[in-house]
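J.: The following block contains the structure, expressed as C-alpha cells.
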Amino acid sequence: MGLGTLRWLGGPSRPRGWLKLVEERPSWRELPIAALVMEPGNMVEARTGEWRMGLRPSIDGSRCRRCYVCWVFCPDASILIGDDGSFSIDYAHCKGCGICAKACPYRAIEMVEELSYG
C-alpha cells in the first residue's frame, strides 16, 4: 500500500485548504490467520501477558500431537516451538484468551487458574 491507495474522508464538499487522508486497510476477512506483525520486534519489551485476567493455558505434553493448530490460531504468537518440536507458552506475552485451548483438536491445552501449576 502506498500513496496511490489513499482516500479522502468526509468533510465539506469543497475542502478549505486541507484534506484528511488515511491509508486503506484490509478488512478483517482479508487478514491472515494467526499473528499479524505490523512492526516486527516492537513488542519484545511490552509484557502484554500482564494483562491476563485469571486464566492461563497449560499444555499437557502427553496429549499434544504437534499438529500446530494452537500455534496457527494464537493471536499473540505466544505458542513457542522448541528445538525438539515440543510446544510451550510464552507467558510474558500470552493474554489468556483461550483460543489455543478451543482450537486444539486433542484437548491438550487446558485453561487453568493463574496461580495453579500443571
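The numbers here are math on the coordinates, done by the rules we state, and not lab data. Note that this is a predicted model, so its numbers are computed, not measured. Quick reminder, even Gly has a Cβ in these numbers, built from the backbone with ideal geometry, and neighbours come from all protein chains shown.
J.: Which of Val69, Thr48, Gly96 sits closest to the plus end of the dipole of segment 48-113, meaning its Cα is farthest towards the positive end, when Lys and Arg get +1 and Asp and Glu get -1 on the C-beta?
T.: Val69
J.: If you add up the charges near Asp84, with Lys and Arg at +1 and Asp and Glu at -1, over every other residue whose beta carbon is less than 15 angstrom from its beta carbon, what do you get? Write out the running numbers ahead of the final one.
T.: Numbers: positive: Arg65, Arg66; negative: Asp83.
The answer is +1.
J.: Next question. Can you tell me the dipole magnitude for segment 48-113 around its Cα centre, using point charges on the Cβ only (Lys, Arg +1; Asp, Glu -1), in Debye to the nearest 20? Walk me through the numbers before you get to the answer.
T.: Details: 8 positive and 8 negative charges, 59 e Å.
In debye, rounded to 20, segment 48-113 gives about 280.
J.: I want the local charge near Gly96. Using Cβ-Cβ distances under 9 Å, sum +1 for each Lys or Arg and -1 for each Asp or Glu among the other residues. Present the calculation step by step, with values, prior to reporting the outcome.
T.: Working: positive: Arg52, Arg56, Lys95; negative: Glu114.
Result for the local shell: +2.
J.: Name the residues whose placed amide hydrogens come within less than 5 Å of the amide hydrogen of Ile109, ignoring near sequence neighbours (fewer than 5 apart) on the same chain.
T.: Asp60
J.: Report the label-to-label distance for Ser62 and Thr48 in nanometres (one decimal), using points 7 Å from each Cα along the Cα→Cβ vector.
T.: 3.4
J.: Let me ask something additional. Residues with beta-carbon under 13 Å from that of Leu55, excluding Leu55: net charge, scoring Lys, Arg +1 and Asp, Glu -1? Don't skip to the end; give the middle numbers.
T.: Working: positive: Arg52, Arg56, Lys95, Lys102; negative: Glu110, Glu113, Glu114.
Charge balance near Leu55 sits at +1.
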